Amino acid sequence: MTLDDIMQDIYALEDDMRTYERKYGVLSETFYEAYANGEEPPDDAWVRDWTAWASAYRLWLRRRDQYQTTLHFFLAETRSIIDVIQRTARHEPIPVLA
């Protein structure tokens with residue numbers, strides 16, 4: 001997996017989360033805090049949405065962490081965000097740390 005792959009996942013997950021945010025009227029962070037504390041949907045028809053929404057949010061958090069970890073590691077070696085931007089602008093793969 002590369003940094004670009006992570007970025008594409010982040011964008012796709014944000015699109016998914018926005019759909020649920022618009023439908024239910026709260027930000028994903030707000031929803032997830034309640035969901036993680038055991039709150040359940042009042043309507044059985046919402047169960048699938050809430051499960052998918054929570055999964056998308058958890059994966060988004062994981063991808064953001066992978067992005068930050070990789071970027072910090074890369075910056076420790078190059079010491080310049082410009083080096084990262086030059087590589088990503090040229091579509092050079094930057095491997096993601098596991």
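The residues of the stretch 47-57 that are without any contact (Cβ under 8 Å) to a residue 12 or more places away in the chain and not small (Gly, Ala, Ser), listed by number, are 47, 48, 51. Meeting the requirement of 2 or more residues that are modelled with pLDDT of 95 or more, among the basic types (Lys, Arg) and on the phi < 0 side of the Ramachandran plot, the helices (runs of 4 or more DSSP H) wholly within the chain are 3-24, 47-78.
Within the stretch 44-67, the set of residues being buried (at least 16 other Cβ atoms within 10 Å of the Cβ) and over 8 Å from the mean Cα position of the chain (by Cα) comprises 50, 53, 54, 66, 67.
If you filter the stretch 1-25 down to residues that are exposed (fewer than 13 other Cβ atoms within 10 Å of the Cβ) and without any contact (Cβ under 8 Å) to a residue 24 or more places away in the chain, you find that the one that is nearest to the chain's Cα centre (by Cα) is 11. Being within 14 Å of residue 16 (Cα to Cα) and either free of Cβ contacts under 8 Å to residues at least 24 places away in the same chain or surrounded by 13 or more Cβ atoms within 10 Å (Cβ to Cβ) (or both), is that true of even one residue in the stretch 74-88? Taking every residue of the stretch 74-88 in turn, none turns out to be within 14 Å of residue 16 (Cα to Cα) and either free of Cβ contacts under 8 Å to residues at least 24 places away in the same chain or surrounded by 13 or more Cβ atoms within 10 Å (Cβ to Cβ) (or both). Checked against (1) farther than 17 Å from residue 11 by Cβ; (2) touching a Pro at 6+ places or on another chain (Cβ under 9 Å), residue 79 passes all but condition (2).
The values are calculated or read from the model by the stated rules, or taken from the named source; none is laboratory data. Note that the structure is a prediction, hence the values are computed from the model and not measured. Positions of Cβ are generated from backbone atoms using ideal geometry, with glycine treated the same way; all protein chains shown enter the neighbour counts.
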